[in-house]
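Worksheet for the structure shown next.
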Amino acid sequence: MPEIGKKVPPLTGPTGTGEPLKLASLKGQWVVLYFYPKDSTPGCTTEAQDFRDLHPQFRQRGAQIVGVSRDAVASHARFAEKQALPFPLVSDPDETWCKAFDVIHEKVLYGKRHMGVVRSTFLIDPDGKLSREWRKVKVAGHAQEVLDAIPAA
C-alpha cells in the first residue's frame, strides 16, 4: 500500500472503453483515483455524478479523474454512458488495484458480513507520489473537498 510521499504502484487495467489504462501514463498531472463499491448503485452514482459535474474544474487544475471498482468492463461502459462520465472507469475484478491501495475490507450489510470495497479516494501528484488519501468516504461534498486539495494551476 502506498504511503503519503511515496510512489504509487505502476498498475494497468482495462477501462469501460476496453482500452487499458496505465497509471504511470498519467504522470505529469494530478490524478484523482477513487474506488467505489458498485456501478449504478445510489451512492456510487451520486459520487460519479459529483466528479462528473466538477470535471471541468479538475481539468483546469491539471487533474485527471479515474474511477475503480470490481465491476466488469461492460458494466463500466453502461454506467459511464448512462451517466455521461468524461473520465475512465477501471475494471478490477481480480482486485489488483483494490489490494494495492488496501480498500478491500470486511463490511456489514443488513447484518451480514462480507468483503467489499470501502469507498476511498487517493490524490496522486504529478510526480506519481501519493499526496493525500480519504478513506471511508461519505459522498456528500467529497468531490469538492478533493478538488479543493489540488493547487490551482
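Could you tell me the accessible area of Thr45 in Å² (1.4 Å probe, neighbours in place), rounded to the nearest ten?
That residue has around 20 Å² of solvent-accessible surface.
List the residues of the range 78-105 whose backbone N lies under 13 Å from a point placed 7 Å from the Cα of Ser40 along the Cα-to-Cβ direction.
Label zone hits: 78-83.
For the chain, what's the relative contact order in percent, using C-alpha pairs closer than 8 Å and at least 6 residues apart? Could you put the intermediate results ahead of the total?
Values: 299 pairs, mean separation 50.2, N = 153.
Result for the chain is 33 percent.
Which of Pro14, Pro37, Pro56 moves most in a GNM of the chain, Cα contacts under 10 Å?
Pro56
Tell me which chymotrypsin sites (Phe, Trp or Tyr not before Pro) from the range 80-153 have a DSSP coil assignment and no more than 10 other beta carbons within 10 Å of their own.
Passing sites in the range 80-153 are Tyr110.
Please identify the trypsin sites (Lys or Arg not before Pro) of the range 1-53 that satisfy two criteria: DSSP loop assignment and at most 13 other Cβ atoms within 10 Å. Which are they? Please list the in-between numbers first.
Details: sites: Lys6, Lys7, Lys22, Lys27, Lys38, Arg52; in loops: Lys6, Lys27, Lys38.
Passing sites in the range 1-53 are Lys6.
Give me the lysines in straight-line cross-link reach of Lys6: C-alpha distance below 16 Å, same-chain residues under 8 apart excluded.
Hits, sequence-local ones excluded: Lys27, Lys129.
Which one, Asp71, Asp50, Asp94, has the greatest fluctuation when you compute a Gaussian network model over the chain with C-alpha springs under 10 angstrom?
Maximum fluctuation in the GNM of the chain, among the listed residues, is at Asp94.
For a distance above 19 Å, tell me the whole-number percent of Cα pairs in the range 25-82 that qualify.
Numbers: 508 of 1653 pairs.
When all Cα pairs of the range 25-82 are counted, 31 percent exceed 19 Å.
Using the crude model of +1 on Lys and Arg Cβ and -1 on Asp and Glu Cβ, and no other charge, please compute the dipole size for the range 51-153 relative to its Cα centre, in debye to 20.
Numbers: 16 positive and 13 negative charges, 72 e Å.
Roughly 340 debye for the range 51-153.
Tell me whether the range 106-153 comes out rounded, prolate or oblate; compute the Cα gyration tensor, take square roots of the eigenvalues as a ≥ b ≥ c, and use a/c under 1.5 as the rounded threshold.
Judged from the Cα gyration tensor, the range 106-153 comes out oblate (a/c at least 1.5, b/c at or above a/b).
Do any of Lys7/Lys107; Lys38/Lys107; Lys7/Lys99; Lys112/Lys138 go past 24 Å between their Cα atoms, and which? Could the numbers behind the result be given before it?
Values: Lys7/Lys107 28 Å; Lys38/Lys107 14 Å; Lys7/Lys99 16 Å; Lys112/Lys138 21 Å.
Listed pairs above 24 Å: Lys7/Lys107.
In deg cm²/dmol, rounded to 500, what helix-only [θ] at 222 nm does the chain give when every DSSP H run of at least 4 residues adds -39500 (n - 2.57) and the total is split over its residues?
Working: 4 runs with 42 residues, N = 153.
The per-residue figure over the chain is -8000 deg cm²/dmol.
At what distance in nm do the modelled label points of Glu3 and Thr17 sit from each other, each positioned 7 Å from its Cα along Cα→Cβ?
Computed distance between label sites Glu3 and Thr17 equals 3.6 nm.
What does the charge count near Arg70 come to, summing +1 for each Lys or Arg and -1 for each Asp or Glu among other residues with Cβ under 10 Å from its Cβ?
On the way: positive: Lys38; negative: Asp39, Asp71, Asp92, Asp94, Glu95.
Counting the neighbours of Arg70, the net charge comes to -4.
Could you tell me which residue out of Gly62, Tyr34, Ala24 lies farthest along the dipole of the range 24-79 toward its positive end? Charges go on the beta carbon: Lys and Arg +1, Asp and Glu -1, centred on the Cα centre.
Ranked along the dipole, the leading option is Ala24.
Tell me which label goes with the value of volume of the Cα convex hull per residue in Å³ computed from the coordinates here: (1) 164; (2) 102; (3) 151.
The calculated read-out lines up with (2).
The values are calculated or read from the model by the stated rules, or taken from the named source; none is laboratory data. All figures in this text were calculated on a predicted structure; none of them were measured in a lab. Please note: Cβ atoms are built from the backbone with ideal geometry, for glycine as well, and neighbour counts cover all protein chains shown. When the accessible area is computed, the model is the full protein with side chains, heavy atoms only, and any ligands, DNA or RNA have been set aside. Shrake-Rupley method; radii C 1.70, N 1.55, O 1.52, S 1.80 Å.
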